[in-house]
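Here's the structure we're looking at; comments come further down.
The values are calculated or read from the model by the stated rules, or taken from the named source; none is laboratory data. All of these numbers come straight from a predicted model, not from anything done at the bench. Quick reminder, even Gly has a Cβ in these numbers, built from the backbone with ideal geometry, and neighbours come from all protein chains shown. Note: accessible area is taken over every heavy atom of the protein model, side chains too, but ligands, DNA and RNA are not part of it. Shrake-Rupley method; radii C 1.70, N 1.55, O 1.52, S 1.80 Å.
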Amino acid sequence: MQTTATSTFSAKPHVKHLPGPFLRPSPPYSARVHLPSSRNKTSISIAMAASSSPPPQELTITRPDDWHLHLREGDVLAAVLPHSAMHFGRAIVMPNLKPPVTTTARALEYREEILRALPPGSSFVPLMTLYLTDNTSPEEIKLAKKSGVVFALKLYPAGATTNSQDGVTDIFGKCLPVLEEMARQEMHLLVHGEVTDQHVDTFDREKVFIEKILAPLVQRLPQLKIVMEHITTMDAVNFVESCKEGHVAATVTPQHLLLNRNALFQGGLQPHNYCLPVLKREIHRQAIVSAVTSGSKQYFLGTDSAPHDKRRKECSCGCAGIYSAPVALSLYAKVFEQAGALDKLEAFTSFNGPDFYGLPRNTSKIVLRKSAWKVPDTYSYSSGEIVPMFTGNTLEWLPSDQLEE
Ligand SMILES: NC(=O)N[C@@H](CC(=O)O)C(=O)O
Ligand SMILES: [Zn+2]
Ligand SMILES: [Zn+2]
């Protein structure tokens, strides 16, 4: 499926090539984006320092967590969970099942299903979330907090993305009492930040969401801790950085760091590069790379790994979501390496997330080795196949568990 563009990324001739933006080192932050000027200087000096010493071939980092993950249920859960559990310590598990996880009772059941599906000996911890609806009650927030296993509520504007039809129709009209209770209970709000108004261009939906919903929400409830999930634009970067550190943060996916919207059309329609919010222009990708590799504590790893059966991706109305769990760590390392910021990788993958959620950092380590490995074309499961991001390509930075000292 992935074709096109020449690559300096993989030297081996048999390897399929990756789309363009993946290959170019990120230039210093664009002048059109607002950032404190000291940040520009920092990233340039790191890049220069990195180029004068031999590039590292091995990195040992604190075990990462995934702060935005779709695990699904049943046979898909069984197929995808090992890919996350292998290298990640914990993950914030998205509640957009069919029907969605709207109550603490259901989140507890779903958590048990995940724990049962774990490979033997795994210490992976699922951090549960509830799906916010127009009818979620403040009582439910109290129950969620008391459970000790629910860490956040997820806002899906109704109709914005996969399985969001039961989402919120009018956040200010219907959800303020619940959001106030969340602020009181220190329960985080995770946001799919796109408006659903069909009159708004698909590529502008994140920007308009920030203007119409997110900025007013932060004004109205400054104590509520908000994670803007899977950010895709420089508008989101500017917004996050205009907010107080520790109050508003963002997760960033591998695809929004590596691909721009050309990747949807390169050599033909590429359904496995389709996710929501949709990939944006190159200038937005560059803004996100600069923000994430700057060392700011407001960004952390959230793959948004979203498995869909191959038949539901490769069809006349393919669904949104990219399956990245098996490749995510290799890809994040590549981004930081290209930016000359490998020294900032661990904070992004392993520190900023737990710090924002008020959870302890993991104590075990993983090793990323600079050795080539080939991404499988597909992963089979009992009812079909799932195609991973960068299917069939060769990647570097192979993750493995650190051997006991
Ligand atoms: N990102 C996606 O394109 N899809 C996600 C939903 C979401 O995170 O918006 C999914 O559940 O498939
Ligand atoms: Zn989403
Ligand atoms: Zn998601």
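Helix-only arithmetic for the chain: the sum of -39500 (n - 2.57) across DSSP H runs with n ≥ 4, divided by the residue total, places the mean residue ellipticity at 222 nm at -8500 deg cm²/dmol.
Within a straight-line Cα-Cα reach of under 13 Å, K374 can be paired with the following aspartates and glutamates, leaving aside sequence neighbours fewer than 8 residues apart in one chain: E396. The label point for L143 and the one for D309, both projected 7 Å from the Cα toward the Cβ, are 3.2 nm apart. Within the assembled protein chains, the solvent-accessible surface assigned to R72 is about 40 Å², based on a 1.4 Å probe. In this structure, the amide hydrogen of V125, modeled 1.01 Å from its nitrogen in the peptide plane, lies closer than 5 angstrom to those of R90, A91, counting only residues at least 5 positions away or on a different chain. Per-residue SASA remark: S382, around 100 Å² accessible (1.4 Å probe; ligands, DNA and RNA not included). Rg and Dmax, both from the Cα atoms of segment 67-400 and both in Å, are 18.5, 53.
Taking the centroid of alpha carbons for each part, segment 219-244 and segment 306-324 are 28 Å apart.
Think of segment 67-400 as having a plus end and a minus end, set by charges on the Cβ of Lys, Arg, Asp and Glu; of T378, S316, L221, T378 sits farthest toward the positive end of this dipole. Across the chain, Cα pairs under 8 Å and at least six residues apart give a relative contact order of 20 percent. The accessible area of H272, taken with all protein chains in place and a 1.4 Å probe, comes to roughly 20 Å².
If you sort E186, E180 by accessible surface, 1.4 Å probe, largest first, the order is E186, E180. Heavy atoms of the protein chains alone define the surface here; on that basis the chain has 40 Å² accessible area per residue at 1.4 Å probe size. Rolling a 1.4 angstrom probe over the chain with all protein chains present gives an accessible area of which 54% lies on carbon and sulfur atoms. The HN-Hα couplings worked out from phi for segment 308-319 by the Karplus form 6.51 cos²θ - 1.76 cosθ + 1.60 (θ = phi - 60°) are 9, 4, 3, 5, 8, 8, 9, 8, 6, 9, x, 8 Hz, whole numbers, x standing for Gly and Pro. Between D355 and E180, full extension at 0.36 nm per residue minus the direct alpha carbon distance yields a gain of 60.8 nm.
Modelled this way, with points 7 Å down the Cα-to-C-beta line, the labels at R369 and N238 are 4.6 nm from one another.
Derived scalar couplings between HN and Hα for segment 274-280 equal 9, 9, 10, x, 5, 4, 10 Hz in order, rounded to whole Hz, by the Karplus curve 6.51 cos²θ - 1.76 cosθ + 1.60 (θ = phi - 60°), x for Gly and Pro.
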